[in-house]
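Note sheet for the following structure.
The values are calculated or read from the model by the stated rules, or taken from the named source; none is laboratory data. Predicted, not measured: the structure shown is a model, and the values here were computed from it. Backbone-built Cβ (ideal geometry, glycine too); neighbour counts: all protein chains shown. In case anyone asks, the SASA skips ligands and DNA or RNA and just uses the protein heavy atoms, side chains included. Shrake-Rupley method; radii C 1.70, N 1.55, O 1.52, S 1.80 Å.
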Amino acid sequence: MSLRALAPAAGQALGQPIVVENKEGGGGTVAASVVAVAPADGYTLFAGQNVSIIDTALMQKVTFKPLKSFTPIMTFAASEHSALLVKSDAPWKTFKEFIEYAKANPGKIKYSSAGVGSGMHVAMEYVAYMGGIKWVHVPYKGTAPSRTALLGGHVDACSSGVDWPPFVLSGQLRVLATHGLERMAQFPDTPTLKELGYGFVSETVHSILGPAGLSPDIVKKLERALIKGTETPEFRSACEKLYLSRTVMDSSQYEQHLKEKWGRTEKMFVEIGIIKEAATQPY
């Protein structure tokens, strides 16, 4: 939705409309794969998360080269406050109770996420490593179906994307911990994983990339127009409604971010046992 709010103003700056087409699946890698082989003319772009390019590709083989197949253009938002949710009638009132149960019952807890390699998946595997916990990951094609699985009782917990607050406020779900750097103002009694001693903070950013080989002129034109789109009241309002924060990096900044994130995330994944080696080579 934030992308759809970004598109009109960016399209106006470009002098032509931007059409948003959903291609779900693979934690964003399906859409990324389409753009990776598209003509480098600036007319086909990938709107997705940095974790789709880096984290997912580290965990599973993808058809693109994360640091070679794309031209980074810009970032427009960050998803900081993803969270661990359980049903409101679940026996665990706190994160501590949930962890104690998981430790005492290896393999019994099933949790859902938006897909393999998503920031929500990584958060749970990081907690599992740090706490010596064994639980079962059930990936879905997006945050909404992963939450629906929890509401339907198909899983015990959901590591959810940032649009969870309405479900907690309505009394359907309970939040045990969030993944941000600091507690949410709206939920001041809910701790972060970081303060609980796990050292994990979500760094998921939403971004735009084109195929490799985009000319500098095209990159600069797209970058300027898209950043202009983030300055509108409509975009800022959409971010607020979706619990996102406006986070802008230009092309060179985002390219550097992806390179650094690959090295940092690969090291972490190997250390905590998520992978033995990268499933996909970056170049």
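If a residue counts only when it is over 20 Å from Thr56 (Cβ atoms) and in contact with a Leu (Cβ under 9 Å, 6 or more places away or on another chain), which helices (runs of 4 or more DSSP H) contained entirely in segment 107-170 have at least 2 such residues?
143-151, 165-169
Could you tell me whether segment 216-224 includes any residue that is surrounded by 18 or more Cβ atoms within 10 Å (Cβ to Cβ) and closer than 18 Å to Ala78 by Cα?
Yes.
Looking only at segment 178-215, which residues are crowded, with 16+ Cβ neighbours inside 10 Å and among the polar types (S, T, N, Q)?
Hits for segment 178-215 are Thr178, Thr190, Thr192, Ser202, Thr204, Ser207.
Taking only segment 153-186 into account, find how many residues are modelled with pLDDT under 95 and either of a type in the set (Ser, Thr, Tyr) or over 19 Å from the mean Cα position of the chain (by Cα) (or both).
2
Quickly run through segment 226-283 and pick out the residues that are outside any helix (DSSP H, G or I), small (Gly, Ala, Ser) and over 20 Å from the mean Cα position of the chain (by Cα).
Matches in segment 226-283: Gly273 only.
Looking at segment 246-275, which of the residues that are surrounded by fewer than 16 Cβ atoms within 10 Å (Cβ to Cβ) and of a type in the set (Gly, Ala, Ser) is modelled with the lowest pLDDT?
Gly273
Residues are listed down the side, and each one gets a yes or a no for (1) under 23 Å from Glu195 (Cα atoms); (2) open to solvent by 40 Å² or more (accessible area, probe 1.4 Å); (3) in contact with a Cys (Cβ under 7 Å, 6 or more places away or on another chain):
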{"position": "Glu125", "(1), (2), (3)": "yes, yes, no"}
{"position": "Tyr129", "(1), (2), (3)": "yes, yes, no"}
{"position": "Trp135", "(1), (2), (3)": "yes, no, no"}
{"position": "His154", "(1), (2), (3)": "no, yes, no"}
{"position": "Ala157", "(1), (2), (3)": "yes, no, no"}
{"position": "Leu176", "(1), (2), (3)": "yes, no, no"}
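Considering only residues that are crowded, with 16+ Cβ neighbours inside 10 Å and out of contact with any helix residue (DSSP H, G or I) (no Cβ under 8 Å at 6 or more places or on another chain), look in segment 66-89 and name the one that is modelled with the highest pLDDT.
That would be Ala83.
I'd like to verify a number: residues in segment 91-112 that are exposed (fewer than 13 other Cβ atoms within 10 Å of the Cβ) and either within 24 Å of Pro145 (Cα to Cα) or of a type in the set (Val, Ile, Thr) (or both), how many?
4
Out of Val62, Val19, which single residue is open to solvent by 40 Å² or more (accessible area, probe 1.4 Å), outside any helix (DSSP H, G or I), modelled with pLDDT of 90 or more and among the hydrophobic types (A, V, I, L, M, F, W, C)?
Result: Val19 is the single residue among Val62, Val19 that is open to solvent by 40 Å² or more (accessible area, probe 1.4 Å), outside any helix (DSSP H, G or I), modelled with pLDDT of 90 or more and among the hydrophobic types (A, V, I, L, M, F, W, C).
Could you list, in sequence order, the residues of segment 201-221 that are part of a helix (DSSP H, G or I) and not aliphatic (A, V, I, L, M)?
Pro216, Asp217, Lys220, Lys221
Can you name the number of the only condition in (1) surrounded by fewer than 18 Cβ atoms within 10 Å (Cβ to Cβ); (2) within 22 Å of Gly119 (Cα to Cα) that Gln172 fails?
Failing condition for Gln172: (2).
Scan segment 113-135 for residues that are of a type in the set (A, V, I, L, M, F, W, C), over 17 Å from Leu151 (Cα atoms) and in contact with a helix residue (DSSP H, G or I) (Cβ under 7 Å, 6 or more places away or on another chain) and report the count.
Of the residues in segment 113-135, 6 are of a type in the set (A, V, I, L, M, F, W, C), over 17 Å from Leu151 (Cα atoms) and in contact with a helix residue (DSSP H, G or I) (Cβ under 7 Å, 6 or more places away or on another chain).
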